[in-house]
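The values are calculated or read from the model by the stated rules, or taken from the named source; none is laboratory data. Being a predicted model, the structure only gives us computed values, none of them experimental. Note that we place each Cβ from the backbone using ideal geometry, even for glycine, and neighbour counts take in every protein chain shown.
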Amino acid sequence: MPEVITRRERIEGEEWFVVFDEPQQKLYKFKGNAGLIWQRLDGKISVEMIVEDLCLHGLGDRETLIKDVSRFIARAGKKGLIKAAVKKFRKEDVPDYEDLARRPTLP
């Protein structure tokens with residue numbers, strides 16, 4: 001059984017991703033780029049691929065999207081939302097999410 005359950009919902013005419021973190025019994029809602037980033041976090045696609053995909057859809061410039069994606073992943077990591085995706089790695093391979101958010105953007 002998944003630890004995090006995601007549903008797409010329309011709320012007041014806007015598409016949201018509603019995420020229920022079962023172990024923590026917390027509900028999160030993401031829309032816009034945050035929802036699209038969440039949707040792409042499958043453990044198989046890289047941050048660079050997410051950025052490129054969002055750029056191709058005209059959702060922002062590359063530099064801004066790198067910051068947005070990195071910041072979103074850092075925040076989701078701190079909240080434990082993407083913990084399940086990194087459980088299969090050794091502890092030393094799991095990123096420091098706070099450090100990720102502070103890193104300068106790629107050229």
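So which residues in the stretch 8-41 are among the charged types (D, E, K, R) and closer than 18 Å to Lys79 by Cβ, if there are any at all?
Matches in the stretch 8-41: Asp21, Glu22, Lys26, Lys29, Lys31, Arg40.
Considering only the stretch 47-107, give the helices (runs of 4 or more DSSP H) lying wholly within it that have at least 2 residues that are acidic (Asp, Glu) and modelled with pLDDT of 90 or more.
Here the list reads 47-56, 62-78.
Restricting to the stretch 14-44, name every residue that is among the acidic types (Asp, Glu) and either surrounded by 18 or more Cβ atoms within 10 Å (Cβ to Cβ) or part of a strand (DSSP E or B) (or both).
Glu14, Glu15, Asp21
For the stretch 1-57, what are the residues that are among the polar types (S, T, N, Q) and closer than 22 Å to Asp68 by Cβ?
Thr6, Asn33, Gln39, Ser46
Looking at the stretch 1-26 only, could you name the residues that are among the acidic types (Asp, Glu) and within 19 Å of Leu41 (Cα to Cα)?
Once the filter is applied, which keeps residues that are among the acidic types (Asp, Glu) and within 19 Å of Leu41 (Cα to Cα), the stretch 1-26 yields Glu3, Glu9, Glu15, Asp21, Glu22.
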